[in-house]
Amino acid sequence: MLYDKLKKYSNSGIYPFHMPGHKRNNTDISNILPYGIDLTEINGFDNLHNASGCIKELEQKTANAYSVNNAFLLVNGATGGILASIRAMTNYGDTIIMARNCHKSVYNAIEICGLNPVYVQPETDDEFGIFSSVAPSEIENQLIKNPNASLVILTSPTYEGVVSDIKAISKICKKYCVKLFVDEAHGAHFPFCKIFPEEAVKCGADAAVVSLHKTLPSLTQTALLLTDDINLSKKFEENLSVFETSSPSYILMSSIENCIEYICDNPKIFDTYADNLKNFNECVKSFETLKILCFGSDSINNHSFFNFDIGKIIISTAHIGINGTELANILREKYKIETEMAYGNYVLAMTSVCDTKEGFDRLSNALISIDKDFVSNSKINKSKFKTEIPKKQFNASQRYKYKAETVALSMTQGRTSLEYVWAYPPGVPLLVPGEIITDALIEEIAFLIKTNTEIFSNEKNMPESISVAVI
């Protein structure tokens, strides 16, 4: 049944402005036949966890492509690299500084490693309702307040493409003798064209993870852990053997090789990509009701972003009286376009080097038509919520010490959560175990549910109820 659904969708004519980055387009990329090359660590095929042959050569080829000393292949996504890196870069019980908008895999690593997180909350952009860049001054303030901190963790770019000033933050971290780890999963394409921001390790980060499958022509679950730090590399190797499968897929590793060779051997494909983005921008920059944040139609100078990944197209519905999910439904049902994410009052269309001119034209024509349909509707539909970090009763790693009680969400004001609660996508926790539930948070979750945003939790009872601590 799953295979049949996949084939039906593949043949449906729906254009994918979503992951994976290959966009199901194998015209110029070798068409892998999975069953024929699905092997294990037999003689002559090397071993990912002790590479010395063909896999070692692939790692070096990949490191050269990213201009780093070491590139570790990840075949269970950036998540495995995040877990391994955080464990390698900390000692159990350490205090760390982290952006609140990190992916839930970062929170899982913190819980596993018994870390004490101190959060930095990025501002929220008023127009689009997305997190802005992390201010370097906020990182320095927290390092001053927490002199024993051992690590800073940031997400840059964010799911929506917002980039922080990694170079400035890296200098601050070095000043206070603290390591910097960047979840750069959505920026795997940065090194290959000057229209994109600089990659994190080049800006001074001690390590970063990138997801090839998100924005480059590689299969889902393929990613890399990148570093210039030789001393860290040994620790990464040790921890990857813990968090990455002991039976790595040769199909996925081969996909990484195909991806790296393709983008390195065909640099002009990024020129075409840049032209497509520029042409798209010209088509949508004069909209009256829809607001588009992409290649400059809504300049990043109008927002509190340090930088922005122009490959991400954010479409705000705040001025047309519908929410993001409703716009995504219109694009899907009327124009056969599937977007990456709808959240609150915006939609994210994720592009890649594999998108075609015809695909960009389809999206711009659809948005032009929708903008005209709503031209007379001046209703402003902005969220009134400004996300705040809940107060903490205890660290997430301590949650199993408490007896649990399942309570209706509407009745949990003042109670302490024993679950993570998040919207997926983007996978950023709204609530972490050990945090106190507020009326404002309950209202925000209700708003997201009203906009048809999917809310998840560990116990899978959200949004009806949640597990709280009996204290």
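Just a few scattered comments:
- Scanning segment 40-59 for residues that are aliphatic (A, V, I, L, M) and modelled with pLDDT of 70 or more turns up LEU48, ALA51, ILE55, LEU58.
- Test for SER467: is it buried (at least 20 other Cβ atoms within 10 Å of the Cβ) and either modelled with pLDDT of 95 or more or part of a strand (DSSP E or B) (or both): yes
- Pick from segment 277-308, criterion over 24 Å from GLU358 (Cα atoms) and modelled with pLDDT of 90 or more, ranking: surrounded by the fewest Cβ atoms within 10 Å (Cβ to Cβ): ASN307
- Qualifying positions in segment 321-347 - modelled with pLDDT under 95, of a type in the set (A, V, I, L, M, F, W, C) and more than 23 Å from the chain's Cα centre (by Cα): ILE322
- Among the residues listed as ALA149, ALA135, the single one being touching a Pro at 6+ places or on another chain (Cβ under 8 Å) and either more than 17 Å from VAL209 (Cβ to Cβ) or assigned by TED's automatic domain parsing to the domain that holds SER304 (or both): ALA135
- Within segment 232-243, residues that are at pLDDT 95 or above have Cβ atoms under 6 Å from residues that are in a helix (DSSP H, G or I) and charged (D, E, K, R) in these pairs: ASN239/ARG87, counting only partners at least 6 apart in sequence or on another chain.
- Residue satisfying condition, being among the hydrophobic types (A, V, I, L, M, F, W, C) and closer than 19 Å to LYS392 by Cα, within set ALA109, ALA78, ALA84, ALA88: ALA109
- The one condition from (1) surrounded by fewer than 17 Cβ atoms within 10 Å (Cβ to Cβ); (2) in contact with a Phe, Trp or Tyr (Cβ under 8 Å, 6 or more places away or on another chain) that HIS186 does not meet is (1).
- Among the residues examined, SER85 qualifies as under 30 Å from TYR159 (Cβ atoms) and either in contact with a Gly (Cβ under 8 Å, 6 or more places away or on another chain) or among the hydroxyl-bearing types (Ser, Thr, Tyr) (or both).
- Qualifying residue in segment 287-304 (condition: at negative phi, under 19 Å from the mean Cα position of the chain (by Cα) and not assigned by TED's automatic domain parsing to the domain that holds SER211): yes
- Number of positions in segment 26-39 that are closer than 14 Å to LEU219 by Cβ and modelled with pLDDT under 70: 8
- Residues in segment 444-459 that are surrounded by fewer than 18 Cβ atoms within 10 Å (Cβ to Cβ) and part of a loop (DSSP other than H, G, I, E, B): ASN452, GLU454, ASN458, GLU459.
- Checked against (1) surrounded by 21 or more Cβ atoms within 10 Å (Cβ to Cβ); (2) hydroxyl-bearing (Ser, Thr, Tyr); (3) in contact (Cβ under 8 Å) with a residue 60 or more places away in the chain, SER156 passes all but a single condition, namely (3).
- Qualifying positions in segment 449-471 - more than 21 Å from the chain's Cα centre (by Cα) and among the acidic types (Asp, Glu): GLU459, GLU464
So that you can scan it fast, the table gives a plain yes or no per residue for (1) out of contact with any Pro (no Cβ under 9 Å at 6 or more places or on another chain); (2) of a type in the set (A, V, I, L, M):
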{"position": "PHE305", "(1), (2)": "yes, no"}
{"position": "ILE313", "(1), (2)": "yes, yes"}
{"position": "THR325", "(1), (2)": "yes, no"}
{"position": "ILE330", "(1), (2)": "yes, yes"}
{"position": "ILE337", "(1), (2)": "no, yes"}
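The values are calculated or read from the model by the stated rules, or taken from the named source; none is laboratory data. The model shown is predicted, which means the values in this text are computed figures rather than measured ones. Neighbour counts run over all protein chains shown; Cβ positions are idealised from the backbone, glycine included.
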